[in-house]
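A quick write-up on the structure given underneath.
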Amino acid sequence: MKEKLLAIKDAAEQMLAANAPLEEVRVRFLGKKGELTAVLRGMGSLSAEERPIIGALANEIRQFIEQKIEAKAAELKAKENEKKLQSEKLDVTAPGKEIAFGSRHPLAAVEKEMCDIFRSMGFEVVEGPEVEYDYYNFQALNIPENHPARDTQDTFYITDNILLRSQTSPVQVRTMEKKRPPIRVVSPGRVYRSDAVDATHSPVFHQMEGLVVDKGITMGDLKGMLELFAKKMFGSETKLRFRPHHFPFTEPSAEVDVSCFVCGGKGCRLCKGEGWIEILGAGMVHPNVLRGCGIDPEEYSGFAFGMGIERIVMRKWNIDDMRYLYENDVRFLKQFK
Ligand code: PHE
């Protein structure tokens, strides 16, 4: 029996050394029907002296095999862990993957800069609808149905009296209908005109409207305020030039130029040799417009202005084709980070 036990021990060791599956080893020797168990069962036939000796040996071998199996299991587990660690190795010193950060679109960046300047001067930023009634876009702005000014702002009609706004000036009317003076608002947004696309025209572009209404507002206030804005926007040396003009909803009206911020007025490629760059239309709010909004022109007066944002963006960065601003070409846009 002793030989049998020692043979079992050898067999178990050999199996383990040959990397046999551990469960197989366990079942074969230690299982209910296992070889070692069978030997223990046959102990009844032994003599009283032999029994404790063989019993002790059998236990020793059982423990031996159990320990071997455990050790082998631990060894396999460690190997597996090592393998996993190797395959999941992370080099924390390796350079990271570059993340492509976006940036503000130049139009949005300039619009924000303009809003920030006007806010610092006490203006509130408001918005109006892009799909607008004929009434707000034209009639309430002193442009009746057959007024020639409609030709210069031909837009897209949805019905006879609903259109895509051709200017931000309807926000003047919407504001005055809701608020009583003192009023101090700017309103940026998209406007539409039935223009063909070329380097300086687009059927969709952006404007910023301004409106101030209070007692005793004069053209001097308009000039002072615009001058302050221009200095903050284009630099402290900037000068303004007012040229008489006509808008149906302001009287008197002016077109306003800023001195060229590249050459300072001497004339260069940017300002096409003129020294001046036109940026906006402005004037004193027409009494008819005030009256139409229920504001008494005898008691209150106001000024309004509207500037083209594309124009400012293009001048600011010397962009010679407006189409770049709408094509979303990353190679173009990433220059404005
Ligand atoms: N709405 C005018 C335009 O689009 C600009 C303007 C605004 C003029 C306000 C005077 C006052 O041309």
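Would you mind computing Rg(Cα) / (2.2 N^0.38 Å) for segment 233-288, counting N as its residues?
Compared with the compact-globule rule of thumb, segment 233-288 sits at 1.30.
For the chain, find the longest principal axis of its Cα atoms and tell me its angle to the long axis of helix 50-87, 0 to 90°, nearest 10.
The answer is roughly 20 degrees.
Using a 10 angstrom Cβ neighbour count of at most 16 plus a DSSP loop assignment to flag exposed GluC sites (Glu not before Pro), which longest range of the chain is free of such sites?
Longest run free of exposed loop sites: 146-236.
Find which of Leu46, Ile61, Thr93 sits farthest along the positive direction of the dipole of segment 1-115, computed with +1 on the beta-carbon of Lys and Arg, -1 on that of Asp and Glu, about the Cα centre.
Leu46
What is the log10 of I(q)/I(0) for segment 249-337, computed with the Debye formula using one identical point scatterer on each Cα and no solvent, at q = 0.16, 0.17, 0.24, 0.25 Å⁻¹?
One equal scatterer on each Cα of segment 249-337 leads to -0.77, -0.80, -1.10, -1.15.
If all Cα-Cα distances of segment 181-337 are sorted into 10 Å bins from 0 onward, what percent lands in each bin, rounded to whole numbers?
10, 34, 34, 17, 5, 0
For helix 219-234, what angle does its Cα long axis make with the longest principal axis of the chain, in degrees from 0 to 90 and rounded to 10?
40 degrees
Using just the C-alpha positions of the chain as equal point scatterers, what log10 of I(q)/I(0) does the Debye formula give at each q in 0.10, 0.15 1/Å?
So the normalised log intensities work out to -0.70, -1.21.
Mind telling me which of Thr37, Thr93, Thr175 comes out most flexible in a GNM of the chain, alpha-carbon contacts under 10 Å?
In this elastic network of the chain, the residue with the biggest mean-square fluctuation among Thr37, Thr93, Thr175 is Thr37.
Based on the alpha carbon coordinates of segment 41-124, what radius of gyration and maximum Cα-Cα distance (Dmax) apply, in Å?
38.5, 113
Report the Cys residues of the chain lacking a disulfide-compatible partner, meaning no second Cys Cβ under 4.7 Å from their Cβ.
Singleton cysteines: Cys115, Cys293.
Using alpha carbons only, how many degrees (0 to 90, rounded to 10) separate the axis of helix 2-17 from the longest principal axis of the chain?
Once rounded, the angle reads 20 degrees.
What accessible area per residue, rounded to a whole number of Å², is obtained for the chain using a probe radius of 1.4 Å?
58 Å²
Work out how far the C-alpha atoms of segment 29-170 reach from end to end along every principal axis, then list the three figures in whole Å, largest first.
Dimensions of segment 29-170 along the principal axes of its Cα atoms: 130, 40, 28 Å.
Carbon and sulfur atoms: what percent of the 1.4 Å accessible area of segment 141-206 do they account for?
50 percent
Please list 241-250, 184-193 highest first by mean number of surrounding beta-carbon atoms within 10 Å per residue.
184-193, 241-250
The values are calculated or read from the model by the stated rules, or taken from the named source; none is laboratory data. Predicted, not measured: the structure shown is a model, and the values here were computed from it. As a convention, Cβ positions derive from the backbone with ideal geometry for all residues, glycine included, and neighbour counts pool all protein chains shown. The protein model used for the area step is the full one, side chains on, heavy atoms only, and it has no ligands, DNA or RNA in it. Shrake-Rupley method; radii C 1.70, N 1.55, O 1.52, S 1.80 Å.
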